[in-house]
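This report concerns only the one structure given below.
The values are calculated or read from the model by the stated rules, or taken from the named source; none is laboratory data. Keep in mind it's a predicted model, so treat the numbers as computed, not measured. All Cβ positions, glycine included, derive from the backbone under ideal geometry; neighbour counts span all protein chains shown.
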Amino acid sequence: MSDPIVPSREDADAKAWFYLGHRPDIETWAGLRAEGRQLLEKHLMGVAGQVEELAEDFDAEFETNDLDSGSWPRAGLRRATWTHDGIADVSVVIQWERARLLTPGSNEWPYVAVRLPADAADEERRRQLSEAMKPVRAQLAGSSSRTFPFWRYVHPPAGVPLDPHSLVADLGAAFRELWDAAAPVLDALHARPGSGAAL
């Protein structure tokens, strides 16, 4: 049997060689993610108080969910007139996925969003809100999904170390920016006859 052909170091991926050469240190650092997540989440929990303080200024109702436990902590505002079939179903929120926070990939960062309940079954309502949020998505570089007619991650600038205080400040600014853009659109949508707004 002949000797196996082993690629030269130059032929291999430099990143893979770096990882292999520094694996113990890299794995040690990666193991700190859970502690970093806990620290960041302590700061994120303060966002709820900031959002609640805005409720009176914005003539809105404060809502929260899963802040103390649960998978998707959320704090947000909605107006009493933003209803469909008599149910207040749309709000502007700050939300994050507790288990994925700081884990590379989807939901690595908290986000601001216009939110519908995941179990809302009225597809026409979803279409109506998605269509209404098109200009907001264009203005604020947002995306849309089934539950979120608008959503956008808030993350630190590339190449800048993560500072929880700065991220929370950026998150608050992004929330206000989204509210300023989305609330007038939602107000107009719910003022229309047949919109489902409570009389």
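Data table
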quantity: So residue 109, is it surrounded by 12 or more Cβ atoms within 10 Å (Cβ to Cβ) and either touching an Asp or Glu at 6+ places or on another chain (Cβ under 6 Å) or part of a loop (DSSP other than H, G, I, E, B) (or both); calculated: yes
quantity: Residues being among the polar types (S, T, N, Q) and touching a Lys or Arg at 6+ places or on another chain (Cβ under 6 Å) - total across the range 68-116; calculated: 4
quantity: Qualifying residues in the range 17-35 (those that are under 33 Å from the mean Cα position of the chain (by Cα), of a type in the set (A, V, I, L, M) and assigned to a helix (DSSP H, G or I)) - the one modelled with the lowest pLDDT; calculated: 30
quantity: Hits in the range 146-169 - residues which are farther than 21 Å from residue 41 by Cα and modelled with pLDDT of 95 or more; calculated: 148, 149, 150
quantity: Pair list, Cβ < 9 Å and 6+ apart or interchain, from the range 32-43 residues that are on the phi < 0 side of the Ramachandran plot and surrounded by fewer than 14 Cβ atoms within 10 Å (Cβ to Cβ) to residues that are among the polar types (S, T, N, Q) and not in a helix (DSSP H, G or I); calculated: 33/103
quantity: Any chance residue 59 is on the phi > 0 side of the Ramachandran plot and in contact (Cβ under 8 Å) with a residue 12 or more places away in the chain; calculated: yes
quantity: When residues of the range 103-124 are limited to those that are of a type in the set (A, V, I, L, M) and modelled with pLDDT of 95 or more, the one farthest from the chain's Cα centre (by Cα); calculated: 114
quantity: Selection count where residues are surrounded by 18 or more Cβ atoms within 10 Å (Cβ to Cβ) and of a type outside the set (S, T, N, Q), scope the range 77-101; calculated: 12
quantity: Pairs with Cβ under 9 Å, 6+ apart, first in the range 89-117 and free of Cβ contacts under 8 Å to residues at least 24 places away in the same chain and under 26 Å from residue 31 (Cβ atoms), second of a type in the set (Phe, Trp, Tyr) and surrounded by fewer than 18 Cβ atoms within 10 Å (Cβ to Cβ); calculated: 107/153
quantity: Filter result (under 20 Å from residue 64 (Cβ atoms) and of a type in the set (Lys, Arg)) within the range 110-151; calculated: 115
quantity: Count of residues meeting criterion [in contact with a helix residue (DSSP H, G or I) (Cβ under 8 Å, 6 or more places away or on another chain), among the hydrophobic types (A, V, I, L, M, F, W, C) and within 16 Å of residue 43 (Cα to Cα)] in the range 64-107; calculated: 6
quantity: Qualifying positions in the range 112-155 - part of a loop (DSSP other than H, G, I, E, B), closer than 16 Å to residue 88 by Cα and not acidic (Asp, Glu); calculated: 116, 117, 118, 120, 121, 147, 148, 149
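Residue-wise test of (1) farther than 25 Å from residue 184 by Cβ; (2) part of a helix (DSSP H, G or I).
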site	(1), (2)
15	yes, yes
72	yes, no
92	no, no
98	yes, no
